[in-house]
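Enquirer: The structure is given below, and queries will be raised subsequently.
The numbers here are math on the coordinates, done by the rules we state, and not lab data. On a predicted model such as this, the values are computed, not experimentally measured, just so you know. Note that we place each Cβ from the backbone using ideal geometry, even for glycine, and neighbour counts take in every protein chain shown.
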Amino acid sequence: MSWTDERVETLKKMWGEGQSASQIAKELGGVTRNAVIGKVHRLGLSNRAGSGGGATKAPAKEKPAAAKPAPKPAAKAKPAPAAPAAKEEPELDENGIPISAARRAIIPAGQPLPPQPSANEISPEALAKVNEVEKTAKKISLMELTEKTCKWPVGDPATDDFWFCGLAVQQGKPYCEAHVGVAFQPMSSRRDRRR
């Protein structure tokens, strides 16, 4: 469908009479309501001239002028406030930009991170058990994993020294008994350690 001069004139006339976009689309045929609305906006007809349309814009209401506060009665002269304490100059970097506390906390690349507290610290007994189990682990690759092998990852996946435990899994769990003890800790014991 193309917007011929005749169709555009019909649209303008009906829009001016207050007809809805749906009614205009029906009258023109082969055009949707949205197409009519788009054409109205492109023609700059969005404000209706007639009073028959319910979609006319109401004139903007003027905002009431803000009331000026009443002048305060003259007060007795007060002594001048003390001079502000000397402001501590911030530490600047090599470009003269102030160094924030957050920037001071950034550790340069290659430096080890300080020990971080953990909300779910593993008990020393469980760690000792895991270390012993990992000495006897099958050390299998991803392709060797089955539903009967422990899927506990060990090492850095980006290195050749990465492997999975591979021991027999505990029934209903993805890990062996030692790794289940680390992965699935009872709620109460975790809560007690946080205190």
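Enquirer: Under 5 Å between amide hydrogens, which residues at least 5 positions from Trp163 or on another chain qualify, with H placed 1.01 Å from N in the peptide plane?
Expert: Excluding prolines and chain starts, which carry no amide H, the hits are Val154.
Enquirer: On to the next question. By the scheme Lys and Arg +1, Asp and Glu -1, what is the net charge of all other residues having a beta-carbon under 15 Å from that of Val133?
Expert: Taking every Cβ under 15 Å from that of Val133, the sum is +2.
Enquirer: Same structure, new question: Just subtract the alpha-carbon distance of Leu45 and Ala183 from 0.36 nm times their residue separation and send over the number in nm, one decimal.
Expert: Separation in residues times 0.36 nm, less the Cα-Cα distance, equals 42.9 nm.
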